[in-house]
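One structure is given below, encoded as structure tokens.
The values are calculated or read from the model by the stated rules, or taken from the named source; none is laboratory data. Bear in mind that the values here come from a model prediction, so they are computed numbers and not experimental data. Methodologically, a virtual Cβ is constructed for each residue, glycine included, from the backbone with ideal geometry; neighbour enumeration extends over all protein chains shown.
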Amino acid sequence: MKTIFEKSNGVLGITFTDEKEDLSFLDEKFLRKSEAGLPQVGELQAMRHYKELSDKNFCIEKGFYPLGSCTMKYNPKVNEMLASLEGFTNLHPLCDDSDCQGALELMYKLQEALKKITGMSAVTLQPAAGAHGELTGMMIVKKYFEVKGEKRTKVIIPDSAHGTNPASAHLCGFDIVPVKSNDKGQVDINALRELLTSDVAAIMMTNPNTLGIFEENVLEISKLMHENGSLLYYDGANLNAIMGYTNPKLMGFDVVHLNLHKTMSTPHGGGGPGAGPVCVTEELKEMLPAPIVEFDGEKYYRYSSMKHSIGNVKGFFGNFGVMVKAYAYILMMGKNLKEASENAVLNANYLKEKLKGAYLLPFDEPCMHEFVLSGEKQHHENGVSTLNIAKALMDENTHPPTVYFPLIVHEAIMIEPTESETKEVLDEFVDVMLKIAQEAKTNPEKLISAPHTTPVKRLDETLAARRPDLCFKSGIEK
Ligand SMILES: *Cc1c(COP(=O)(O)O)cnc(C)c1O
């Protein structure tokens, strides 16, 4: 496909008036010396060009997207409309509390809902993403011990953890101490006991963990940690596994972040705005970033006088549009939030049972919202790697699952169907996965050279990340 620069044919898609604009108010140095070199095509051509480009994108609207740990589910489009209501989008963050009661009410009620869902006592909506929430949470942990006058430098993190966990704790100045998983894919509690010294600030856990397995010993773990004077951090990026069934507070956690852009209706994956609210126990409320929204029975107001606030982690409130979508979603779902968790878990278990014969299932346990297969059998017997399987799925109008994560599973294939897919879609995915497992035996070459139908084939992912070449040099610019 040609770029828009190559398609440029000098046709003006827009008519300007002949009048020269008076630019004398601009300093000479800001004025362009030569033409901008923009491509020129007619309106229809421009439209077709961008439509064709967008058709090359894979998205949830196009097919199944079982990306583990990412919760790529269908998000109601009506919530996008609500987030773009003029009353919200035209609001200035510096306007007086009395002039934005509606927006403050929405934020307050969202805080209340998140408190209920997590069991926690206070919430900041400021962080812009999951990892940002982790950083905020760990800064709160750090502040907590500072205020107590305790020097604690270590954070324990299971070897199955999402990579952002150690990164966030490290960014906060903590030393990372890994704790290994046992043969059930859960934190090895005896190994954990050995690590508990008086300089341990916290443990960061995901529950269900990234293998999709619920940590059965979580209550014992929280007891151990608290007896050691340490705190527990809960990575709640994928809360759709437990909503309404249990919550981090009941499990004994002190700090939680949620990904509104995974669990609560904001589509993600394209790098758009997200939100990673952090919920804490009463004891940690005074450390939250300011402002939070309070209600005095009559008015909603911004409250910023937390005694030990870690300071702001983002301008103003965070990504307000994402909050609108999350609040609308929670209201729309009501008690059915519980049902969303039920379906997410049911769908994952259904796929796991259907696929575990053809692929290796390293931890054969009931799973929560996701599970992790291994492509080791195909790799070992047929020379077909997990990467090959992922590429072959692209030829089947299916987004590949997360691969090679978590790190503790060789040739990992991490599958999360989410709650929003039907049995028909799941069955089609099963058929495709079984077909690929069969082809690995009969025609491995086809898989090794996949994908065959995508606009681009195998990209050098390292080079693409390290040295992205994003600038088209057309020769048009003069
Ligand atoms: C997605 C995810 C994160 C990070 O969230 P971002 O919004 O991408 O920063 C952290 N932990 C887990 C378990 C996740 O799935």
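Overview of results
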item	result
Selected residue (only one of ALA201, ALA191 is surrounded by 24 or more Cβ atoms within 10 Å (Cβ to Cβ) and away from the ligand (no atom under 16 Å from the Cβ))	ALA201
Residue within region 109-122 that is farther than 23 Å from VAL256 by Cα, buried (at least 16 other Cβ atoms within 10 Å of the Cβ) and out of contact with any strand residue (DSSP E or B) (no Cβ under 8 Å at 6 or more places or on another chain) present	no
Long-range neighbours under 8 Å by Cβ, at least six apart or interchain, first residue assigned by TED's automatic domain parsing to the domain that holds LYS115 within region 276-290, second aromatic (Phe, Trp, Tyr) and surrounded by fewer than 22 Cβ atoms within 10 Å (Cβ to Cβ)	ALA290/TYR303
Unmet criterion (only one of (1) under 27 Å from LEU337 (Cβ atoms); (2) touching a residue at least 40 places away in the same chain (Cβ under 8 Å); (3) more than 16 Å from the ligand (Cβ to nearest atom); (4) in a helix (DSSP H, G or I)) for VAL147	(1)
Every pair of residues 6+ apart whose Cβ atoms lie under 7 Å, when the first sits in region 21-43 and is of a type in the set (Gly, Ala, Ser) while the second is surrounded by 10 or more Cβ atoms within 10 Å (Cβ to Cβ)	GLY37/ILE476; GLY37/GLU477; GLY42/VAL11; GLY42/GLY13
Single match in LEU38, LEU53 (criterion: at pLDDT below 90, surrounded by 10 or more Cβ atoms within 10 Å (Cβ to Cβ), out of contact with any Phe, Trp or Tyr (no Cβ under 6 Å at 6 or more places or on another chain) and within 28 Å of VAL456 (Cα to Cα))	LEU38
Cross-chain or 6+ apart pairs with Cβ under 7 Å, region 221-250 first and within 21 Å of LEU135 (Cα to Cα) and assigned to a loop (DSSP other than H, G, I, E, B), then of a type in the set (D, E, K, R) and within 16 Å of the ligand (Cβ to nearest atom)	ALA237/LYS262; ASN238/LYS262
Residue that is farthest from THR402 (Cα to Cα) [pool: residues in region 167-188 that are within 13 Å of the ligand (Cβ to nearest atom) and surrounded by fewer than 19 Cβ atoms within 10 Å (Cβ to Cβ)]	LEU171
Lone unmet requirement of (1) of a type in the set (D, E, K, R); (2) part of a loop (DSSP other than H, G, I, E, B); (3) farther than 29 Å from VAL141 by Cβ for LYS307	(3)
Any hit, region 88-102, residues being within 14 Å of the ligand (Cβ to nearest atom), in contact with a helix residue (DSSP H, G or I) (Cβ under 7 Å, 6 or more places away or on another chain) and part of a loop (DSSP other than H, G, I, E, B)	no
Residues (within 11 Å of the ligand (Cβ to nearest atom) and either free of Cβ contacts under 8 Å to residues at least 12 places away in the same chain or assigned to a loop (DSSP other than H, G, I, E, B) (or both)) located in region 150-165	SER160, ALA161, HIS162, GLY163
Residue match in region 128-141 (condition: within 16 Å of the ligand (Cβ to nearest atom), in a strand (DSSP E or B) and not hydrophobic (A, V, I, L, M, F, W, C))	no
Filter result (within 16 Å of TYR300 (Cβ to Cβ) and among the charged types (D, E, K, R)) within region 110-127	GLU112, LYS115
Of all residues making up region 80-108, the number that are in contact with a Leu (Cβ under 7 Å, 6 or more places away or on another chain) and either surrounded by fewer than 22 Cβ atoms within 10 Å (Cβ to Cβ) or modelled with pLDDT under 95 (or both)	3
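Here is a yes/no grid of residues against (1) in contact with a helix residue (DSSP H, G or I) (Cβ under 9 Å, 6 or more places away or on another chain); (2) more than 28 Å from ASP364 (Cα to Cα):
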site: ASN207; (1), (2): yes, no
site: ILE213; (1), (2): no, no
site: ASN228; (1), (2): no, yes
site: LEU232; (1), (2): yes, no
site: ILE242; (1), (2): yes, no
site: ASP254; (1), (2): yes, yes
site: LEU260; (1), (2): yes, yes
site: SER265; (1), (2): yes, yes
site: ALA275; (1), (2): yes, yes
